[in-house]
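The values are calculated or read from the model by the stated rules, or taken from the named source; none is laboratory data. A quick note: this is a predicted structure, and the numbers were derived from the prediction, not measured. Cβ placement follows ideal geometry from the backbone for every residue including glycine, while neighbour counts extend to all protein chains displayed. Areas reflect the complete protein model, heavy atoms only, side chains present, ligands, DNA and RNA absent. Shrake-Rupley method; radii C 1.70, N 1.55, O 1.52, S 1.80 Å.
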Amino acid sequence: MRTMRDAFGEALVELAQERTDFVVLDADVAGGTGTASFRDAFPERFIQCGIAEQNMISVAAGLSTAGIIPIVTCYAVFASMRAVEQARNSIAYPRFNVKVVASHLGIDVGPDGPTHQAIEDIAIYRAIPNFKIVSPADPYELKKALPVVLDTEGPVYMRTGRSPVPEIFDENVRFVLGEGGILAEGTDATIIAVGVMVHRALKAAERLYKEGISCRVVNMSTLKPIDKEIIVDSALKTGAIVTAEDHNIMGGLGSAVAEVVVENCPVAMKMVGINDRFAESGEPEALAIKYGLHDKAIEEAVKIVLRQKKRGKGKIASLG
Amino acid sequence: MPAERELAEKAREIRKYIITMNCYAGSGHPGGALSAVELITYLFHREMNFSVDNFKDPGRDRFILSKGHACMALYAVLAQKGFFDIKEFKRLRHIDAMLQGHPDRLKTPGVEFNSGSLGQGFSFALGCALGGRLAGYDFRVYVLLGDGELNEGQIWEGMMFGSHHRLDNLVAVVDYNKLQSDDLCENVTSLEPLVDKFKAFGWYVMEIDGHDFGDIASAFGRARMIKGRPSIVVAHTVKGKGISFMEGNPRWHGSLAPRGEDRVRALRECGGEELEL
């Protein structure tokens, strides 16, 4: 198992050999975000900004005016909160070609504890006009996503991760910004997951299948613009949706999916995520169990939506 | 000196434009626009390689108005430079208009950055300067800061960044009119000793009369000779300069426009009464 941050560093180094149009900005966390390997390989394309994220984000906007693509890197807590007003007013509103790449997402951060566990970043960046949001599920997908992100004109927020994740794909994985991917087909319910929750969703679906419940699994690696087609199709074909994210249940993937579902094809829905509270230090797997993000929690949620689906014939969801 | 007379005439016209558009808008920030007039006049009409013809050229010199609320002065000089017609002044701050309450690069030709959230234009300018160096351009970057803006922590992050990266292609100017939104700077959050602070951060510091074209010319000339560190000009100015009842009065920071008798007087003092849009 590799970490997403290491995969990000490796992808940067590889890509930098092919193209000279980007630089990487760091706020003294190159070890943490995975950019240290890039710093060592391409020191002249690595801009040390010190522990000053607000300045770094606005500096990036200025750099882009010289025809360079700045990749701003730091932890998601700082990218989405400490310096979010800079991301809004220096990058999004003037629509500069800057990429913000954040590691340290959710309780996947583990032992560093709640100060460093960003459980709000999707909600925050989703609310800023002009930003697109990308969140790959494994190192292979990340590697495919990075050049696409660089070639997408305008502001993009990309999420990596901190802890080791199981590999889901191989080098043949396809990444299209704005498209979700169906990883498993099923007819009873759909699990839509993002980031570290994708491998858990697959595990849950596998176990449910043995119990006779067939689930479609969708990897929603673009959170904005969200793939409406795949959501509507999943709602119509399976009649029940469970979302799964290592993020507060308010404003994240679940909310994004629900926005599409309620307007187009109301079906029973259940959101797996952090239940509006701060977590604590601990190993990511243990935290996932304690805070309801484990594959068992997804399984449970699928069973609840299936009951709702039966009761409401897929139209009205009652309290589960 | 004819050259200086010409600049004074441009500055006089900019003040006239500021008050006129301020009256049409019914709001805005006249005090901090009027204090910056000579600085902006000199930069656009003498110092910078910046025009309608080269605005799309990545090698152009850049001006960033970090104190974005002073945008009426920027709009006035951009109209003088031919970026748009002075008729646009009538629509300032109105719906569907080209001229926004704070600068918007996507709406207004000649504007580099959507400033207004204080501190950000400064960092943006640092990024421009570093980008120019990395991409091999020899353009220069000028950024105008407010004194109240110096309260922002981001400014001091940027101060460290600018000297650490030895951005000698950048000149910052502080429009030091001694007044911020609510009160005297000294009463809000004391800035002094300001020159010493900038020196301690590793910048080349100059102190001038910000309404004197001779002083302004010599400061920008000296900044061109400085290598290995960025320059900053502490320009002593008068808030509301040129309109007698606005001078040194914090009430005229904004957001407002003169009304009634004040309006008549302001328009008469700046020569705006004869301006037809």
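Determine the shielding of peptide B:155-161 by partner chains: average, over its residues, the number of Cβ atoms on other chains within 10 angstrom of each Cβ. Working shown, then result.
Numbers: counts 2, 2, 10, 6, 1, 4, 8.
For this peptide, the per-residue mean of nearby foreign Cβ atoms is 5.
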Interchain or long-range residues, amide H under 5 Å from A:Phe22's placed H: A:Ile69
Once amide H atoms are placed 1.01 Å from N in the peptide plane, what residues at a sequence separation of 5 or more from A:Ala240, or on another chain, have their amide H within under 5 Å of its amide H? A:Thr190
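I'd like the mean, over residues of B:127-139, of how many other protein chain beta carbons sit within 10 Å of each residue's own Cβ.
Details: counts 20, 7, 4, 9, 13, 5, 1, 8, 6, 1, 2, 0, 1.
The per-residue average across the peptide is 6.
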For region B:158-164, take each phi angle, set θ = phi - 60°, evaluate the Karplus expression 6.51 cos²θ - 1.76 cosθ + 1.60, and give the result in whole Hz per residue in order, putting x for glycine and proline. x, 4, 5, 5, x, 6, 4
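In the protein assembly as shown, what percent of the accessible surface is made up of carbon and sulfur (1.4 Å probe, ligands and nucleic acids excluded)? Provide the component values of the computation, followed by the final result.
Working: 11360 of 22620 Å².
After summing per-atom areas, the C and S share lands at 50 percent.
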Segment B:Ser27-B:Arg224, extension gain: residue separation times 0.36 nm, minus the distance between their alpha carbons: 67.1 nm
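Work out the FRET efficiency for A:Glu185 and B:His94 from their Cβ-Cβ distance, taking R0 = 51 Å, and round it to the nearest 0.05. Numbers along the way, then the final one.
Details: r = 55 Å, r/R0 = 1.08.
Efficiency, from the Cβ-Cβ distance: 0.40.
Computed from the mean reciprocal separation of all distinct C-alpha pairs, what Kirkwood hydrodynamic radius does region A:181-312 have, in Å? Could the numbers behind the result be given before it?
On the way: mean 1/r = 0.0695 Å⁻¹.
So the Kirkwood estimate lands at 14.4 Å.
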With the dipole of region A:181-312 defined by +1 on each Lys or Arg Cβ and -1 on each Asp or Glu Cβ, the option from A:Ile274, A:Ala256, A:Cys215 whose Cα lies farthest towards the positive pole is A:Cys215
Under the Karplus curve 6.51 cos²θ - 1.76 cosθ + 1.60, θ = phi - 60°, whole-Hz ³J(HN,Hα) for region B:59-65, x wherever Gly or Pro sits: x, 5, 5, 10, 10, 10, 8
Given N residues in region B:74-206, what is Rg(Cα) / (2.2 N^0.38 Å)? 1.17
Probe of 1.4 angstrom, ligands and nucleic acids ignored: what's the accessible area per residue over the protein assembly as shown, in square angstrom? 38 Å²
Farthest toward the dipole's positive end in the protein assembly as shown, which of B:Gln100, B:Gly162, B:Phe50, given Cβ charges of +1 (Lys, Arg) and -1 (Asp, Glu) about the Cα centre? B:Gln100
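What stretch of chain B, leaving out the sites themselves, is the longest with no trypsin sites (Lys or Arg not before Pro) in a DSSP loop having at most 11 other Cβ atoms within 10 Å? Walk me through the numbers on the way to the answer.
On the way: sites that count: B:Lys56, B:Lys227, B:Arg259.
Here the longest run is B:57-226.
Can you pull the mean other chain C-beta count within 10 Å for peptide A:84-90? Before the final figure, lay out each step's value.
On the way: counts 0, 4, 6, 0, 3, 10, 11.
Partner Cβ neighbours, averaged per residue: 5.
If DNA, RNA and ligands are ignored and the probe is 1.4 Å, what is the ranking of A:His104, A:His294, B:His236 by accessible area, most exposed first?
On the way: A:His104 5, A:His294 35, B:His236 60 Å².
So, going from the largest accessible area down, we get B:His236, A:His294, A:His104.
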Complex-versus-alone comparison for region B:104-119, residues with a loss of 10 Å² or more in accessible area, probe 1.4 Å: B:Asp104, B:Arg105, B:Leu106, B:Phe113, B:Asn114, B:Ser117
Nonlocal amide H pairs with B:Val234, under 5 Å, H built at 1.01 Å: B:Val174, B:Met206, B:Glu207, B:Ile208
Could you give the alpha-carbon Rg of region B:155-238 over 2.2 N^0.38 Å, rounded to two decimals? 1.11
Does region A:2-165 classify as rounded, prolate or oblate by the C-alpha gyration tensor (a ≥ b ≥ c root eigenvalues; a/c under 1.5 gives rounded; else a/b over b/c gives prolate, otherwise oblate)? rounded
For B:Asp138 and B:Arg251 in the same chain, what is the full-extension length gain: residue separation times 0.36 nm, less their Cα-Cα distance, in nm? 36.5 nm
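Calculate, in whole percent, how much of the Cα-Cα pair population of region B:1-129 lies beyond 17 Å.
Within region B:1-129, distances greater than 17 Å cover 56 percent of Cα pairs.
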What distance in nm separates the two pseudo spin-label positions at B:Lys107 and B:Asp85, each 7 Å out from Cα along the beta-carbon direction? 2.0 nm
Rounded to 10°, Cα long-axis angle of helix B:71-80 versus longest principal axis of chain B: 80 degrees
How large is ³J(HN,Hα), in whole Hz, for each residue of region B:132-140 in order, when computed from phi with the Karplus curve 6.51 cos²θ - 1.76 cosθ + 1.60 and θ = phi - 60°, using x for Gly and Pro? x, 5, 5, 8, x, 8, 10, 5, 10
With everything on Cα atoms, drop me the angle between helix A:139-151 and the longest principal axis of chain A, reported from 0 to 90° to the nearest 10. 60 degrees
If one takes the accessible area of chain B alone plus chain A alone and subtracts that of the pair, with a 1.4 Å probe, what total in Å², rounded to the nearest 100, results? 2000 Å²
Spread of Cα-to-Cα distances over 10 Å intervals beginning at zero, given as percent, for chain B: 7, 32, 38, 20, 4, 0
Assign one of three labels to chain A, namely rounded, prolate or oblate, based on the Cα gyration tensor with a ≥ b ≥ c the square roots of its eigenvalues; rounded applies when a/c is under 1.5, prolate when it is not and a/b is larger than b/c, and oblate otherwise. prolate
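How big is the Kirkwood radius of the protein assembly as shown, worked out from every pair of different alpha carbons and given in Å to one decimal?
Details: mean 1/r = 0.0385 Å⁻¹.
Kirkwood hydrodynamic radius for the protein assembly as shown: 25.9 Å.
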Report, in debye and to the nearest 20, how large the dipole of chain B comes out about its Cα centre when Lys and Arg carry +1 and Asp and Glu carry -1 on their Cβ. 500 debye
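Using +1 on the beta carbon of Lys and Arg, -1 on that of Asp and Glu, and nothing else charged, what's the dipole of region A:231-314 about the Cα centre, debye to 20?
Working: 11 positive and 12 negative charges, 146 e Å.
I would put it at about 700 debye.
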